[in-house]
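The values are calculated or read from the model by the stated rules, or taken from the named source; none is laboratory data. None of these values were measured; they are calculated from a predicted model. Please note: Cβ atoms are built from the backbone with ideal geometry, for glycine as well, and neighbour counts cover all protein chains shown. SASA here: full protein model, heavy atoms, side chains in, ligands and nucleic acids out. Shrake-Rupley method; radii C 1.70, N 1.55, O 1.52, S 1.80 Å.
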Amino acid sequence: MSEQSRRPRKPGKPYRRPQKDPVRILAFEALRAVDERDAYANLVLPPLLRRAREKEGPDKFDGRDAALATELVYGTLRRQGSYDAVIAECVDRPLREVDPPVLDVLSLGVHQLLGTRIPTHAAVSASVDLARVVLGDGRAKFVNAVLRKVAQHDLDGWLERVAPPYDDDPEDHLAVVHSHPRWVVSALWDSLGGGRAGIEDLLEADNERPEVTLVARPGRATTEELLAEESAVAGRWSPYAVRLAEGGEPGAVDAVREGRAGVQDEGSQLVALALANAPVEGPDRAWLDGCAGPGGKAALLAALAAERGAVLLASEKQPHRAGLVAKALDGNPGPYQVIAADGTRPPWRPGAFDRVLMDVPCTGLGALRRRPEARWRRRPEDLEGFAPLQRALLRTALESVRVGGVVGYATCSPHLAETRAVVDDVLKQYGDAAELIDARPLLEGVPALGEGPDVQLWPHLHGTDAMYLALIRRVA
């Protein structure tokens, strides 16, 4: 006899066996991986979805199930700050004393109640069933009690209760309402230059599901080929970009499976295109991508270089990431080379290149739409760890380019400490030997690029990741 069947039953309340919902179990497993192993949801979800399809079969786990599981995971991670504030109002202990697995089940339930159109009774019932399966009956009762309290108000109603008034503490108000750490709100606000409307638009954009954007790699695929896909529409700014409508699956596109096209944010494409189109004085035969992993920009640059008879050297410090770069460049229409090398101690000779891209490691605050867990994982002190490396890599780039050549310094972060502060500090060391050039004309047709000469892209203004680009010419 099973342990469950031996449990005493209350008169009039027959025991109901919990429903093993594969969608919610998968979402819970993904959140546990993010919490326990510092995993990224975009890396954890695909294998979990594949396993669910294989285990349950396509009849029991279809595309709608996959879409719901994805929404539960990403929606919960994006709104974690807001949901934590709501849960804290509904429990009788500090959140840090709630077991993390219990908090994950609660967060999934709160997202269903406050962030989706799932009916209240279904959201509570499904969450309690999940708790009984993964946590046990005792803690399922706790989950049930908390979620019934949460269900008393909608999201707006809760935010009015848990967020401090804007006039009393603007940054904390925005942090709770828009689910970002306070220090991130402050940093993004500084980068925008003030104004409530702009920061609220940006924070809201960070919480939206990003479109899937493809790049047609020149000489290997065309946008016309990609636009023939059922859910495809043209990109906004890049001539090589094609966007997939909601629900579009890049893995179903032949050109993507074959490596002739790739998944690449339009902001990333624009950075590569700006460097490729910047005017240089003299020959234009040797290009360098000094931080090439995982290979998106390198693949686009290599294809553009091949069209002009130039050769790209793609360098990446981590060998496994260098392997990803080699895979992205495999089939390039012209010659190229991929190496594993430390960009702060380059194996190439100084002045060897006409164009150099240095897309440096950073906090990733510009890609919070795609990696929502990063906002909770990063800390202000991370900036101090990246700063010396970012400056060293920019110095390497300037040493690697010849006089008359151009360097592109890029980050997927709008934080001023990772963008203008780095560029200004390094340029001071070079004096008259290097100068900023205006990058804005090289992003043709893209509006709201600021006063220049550098460029900051924004999710709420451009529909891209918050990529930063400074173009620097070596003049002596």
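A few notes on this one:
- Gain on full stretching of the segment that runs from D92 to A433 - 0.36 nm per residue minus C-alpha separation: 116.4 nm
- Over the chain, relative contact order from alpha-carbon pairs under 8 Å, at least 6 apart, %: 12
- The mean accessible area for residues of the range 25-160, using a 1.4 Å probe and ignoring ligands and nucleic acids, is 48 Å² per residue.
- The Kirkwood hydrodynamic radius of the chain, based on inverse pair distances between different Cα atoms, is 24.3 Å.
- Shape category assigned to the range 136-254 from the gyration tensor of Cα positions, a/c cut at 1.5: oblate
- Rounded accessible area of C291 (nearest 10 Å², 1.4 Å probe): 20
- Spacing of the two label points (7 Å from each Cα toward its C-beta) at S231 and A352, in nm: 4.3
- D172 exposes around 50 Å² of accessible area when a 1.4 Å probe is run over every protein chain in place.
- In this simple spin-label model, placing a label point 7 Å from the Cα along the Cα-to-Cβ direction at both D38 and D168 gives a separation of 3.6 nm.
- Considering only A33, H460, P218, the residue lying farthest towards the positive end of the dipole of the chain is A33, judged by Cα position with unit charges set on Cβ.
- The fraction of accessible area contributed by carbon and sulfur in the range 169-235 is 46 percent, rounded to a whole number (1.4 Å probe; ligands and nucleic acids excluded).
- Ellipticity estimate at 222 nm from DSSP helix runs (n ≥ 4, -39,500 (n - 2.57)) divided over the chain, nearest 500: -14500 deg cm²/dmol
- The range 322-476, accessible surface, carbon-and-sulfur percent (1.4 angstrom probe): 52
- Environment charge of V401, counting only residues whose C-beta is closer than 9 Å and scoring Lys/Arg +1, Asp/Glu -1: +2
- From phi via Karplus (6.51, -1.76, 1.60), per-residue ³J(HN,Hα) for the range 333-342 in Hz, x at Gly/Pro: x, x, x, 7, 9, 10, 9, 9, 8, 7
- Computed with a 1.4 Å probe over protein heavy atoms only, the accessible surface of the range 329-423 comes to 36 Å² per residue.
- Among G136, W287, L427 - extreme Cα towards positive end, dipole of the chain, charges at beta-carbon: G136
- Computed about its Cα centre, the charge dipole of the chain is approximately 1960 debye, with only Lys, Arg, Asp and Glu carrying charge at their Cβ.
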